[in-house]
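Asker: One structure, pasted below without further comment.
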Amino acid sequence: MPYLPKLLFLLFCLILVGECGKHKSRKRRWSGTLEGHKHGAPLAKKVVDGTKTRKVKTDHLLRVDDHDFTMRPAFAGPAVPVGVDVQVESLDSISEVDMDFTMTLYLRHYWKDERLSFPSTTNKSMTFDGRLVKKIWVPDVFFVHSKRSFIHDTTTDNIMLRVYPDGHVLYSLRVTVTAACNMDFSRFPLDSQTCTLELESYAYTDEDLMLYWKSGDESLSTDDRISLSQFLIQKFHTTSKLAFYSSTGWYNRLYINFTLRRHIFFFLLQTYFPATLMVMLSWVSFWIDRRAVPARVSLGITTVLTMSTIITGVNASMPRVSYIKAVDIYLWVSFVFVFLSVLEYAAVNYLTTVKDGKERKLREKAKEQSLSCTCGMSHTRTMMLDGTYSEADANSLAGYTRAPMATEEPPEKQERMVVHLALDNESTKKKGIHGFRIIQNTHAIDTYSRMIFPGAYIFFNLIYWSVYC
């Protein structure tokens, strides 16, 4: 037992000596490797950029706390040049009723702020998110005539800030804006619309901030896949002007202009073709018998009501403008043609009623005359006149003297003979008045309408499409 502590101590010393030997051999091996690199090819040592290390905080590196960033760069000096470029991501919607458009875009600003310069051996930039934007000065650009706008915030605020060692700054954000667009609907739906998105500094006049397109027309880029269901995007272009406010002064204003041409095929299917078919349907009444009052009246009323529905549907999707649109001209002219076809039948029915009344009076008058006078001829001649004699033979009876008929003559035969003579005399008079025949013969009005109505409507279409197309 007295030897046990001594043995444990000896074992511990041996283990400690062995570990010291291993450490010396590992050190000798690493030193040999370094010696080999000294006598051979030099070892490429990576230079670490101080801006990428985590030893220095961003606020300390950019010296944010050492400057007052509530003032613009070069305060009390020349105007700060701020370049702008825009990448249009999508053109979301065009509203004729509200007269506005919605666009999603990437808005980028470029300027130089020497207060943000920092030392860097590799001249590399630093990129930050939106949290640093609140601590430094950024341009106060806003959208003129905008109704709604917001910066996307999924999953975080879509803001990027990139600072270069010499103080140049890139500030980019993703925005969706709804802005007003003054539209002219005088040629609707055969129209083209030009809309403008305007950018301007809110607080700084042209003496403090010079806003300009960074690369001219190339500052505006668009996605080739942008498309709209109702419009064809023709072109995008940029312009810049000075805007004056009587209370604050002159400001630099940038414009994004784009032209839209409306697709006509939708309106051909939904408006023009139905209106044309309703007009053609109203012409069918010209081929229907004038005595078929229910058929012709119901057809005319149906076409009139259908045209009213088409006009109401078109105006419901349009703003209440005080001028006449191209589609209004076509629809109202079509409505007039349909309404005139109803009036045409009203005239036909009236003239038919007047003619029937006159004929009824003639028959009643002839009946009264047949009861008071008779012709002096035998029963046999009376029957031959009623059945087989010609009109010339009937006219030769004018020389007969009136005498009472024989008692054996039936009254109905006498009435039929006298009425026959009266109608023949009346037809002879009508043949002499040829100019009045068109008015009294109602079939002629329908006949002329079959040619006049289609011809006039075709002539109107030729003028309409040649003017607006």
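The values are calculated or read from the model by the stated rules, or taken from the named source; none is laboratory data. It should be emphasised that the depicted structure is a prediction, and the values quoted were computed from it without experimental measurement. Cβ sites come from the backbone with ideal geometry, for glycine too, and all protein chains shown count toward neighbours. Quick note on the areas: whole protein, heavy atoms, side chains included, nothing else; ligands and nucleic acids left out. Shrake-Rupley method; radii C 1.70, N 1.55, O 1.52, S 1.80 Å.
Asker: Take residue 268 and decide whether it is part of a helix (DSSP H, G or I) and closer than 13 Å to residue 330 by Cβ.
Answerer: Yes; evaluated as a whole, the condition is true for this residue.
Asker: Sticking with this structure for a sec: Looking for something open to solvent by less than 50 Å² (accessible area, probe 1.4 Å) and at pLDDT 95 or above - is there at least one such residue anywhere in region 210-217?
Answerer: Looking through region 210-217, at least one residue is open to solvent by less than 50 Å² (accessible area, probe 1.4 Å) and at pLDDT 95 or above.
Asker: Restricting attention to region 323-340, does a residue exist that is outside any helix (DSSP H, G or I) and open to solvent by 90 Å² or more (accessible area, probe 1.4 Å)?
Answerer: yes
Asker: Counting only residues that are surrounded by 13 or more Cβ atoms within 10 Å (Cβ to Cβ) and of a type in the set (Lys, Arg), which one in region 218-267 is nearest to residue 141 (Cα to Cα)?
Answerer: Only one residue tops the list, namely 253.
Asker: Considering region 304-335 alone, what residues qualify as being among the hydroxyl-bearing types (Ser, Thr, Tyr) and under 29 Å from residue 180 (Cβ atoms)?
Answerer: 312, 317, 322, 323, 330
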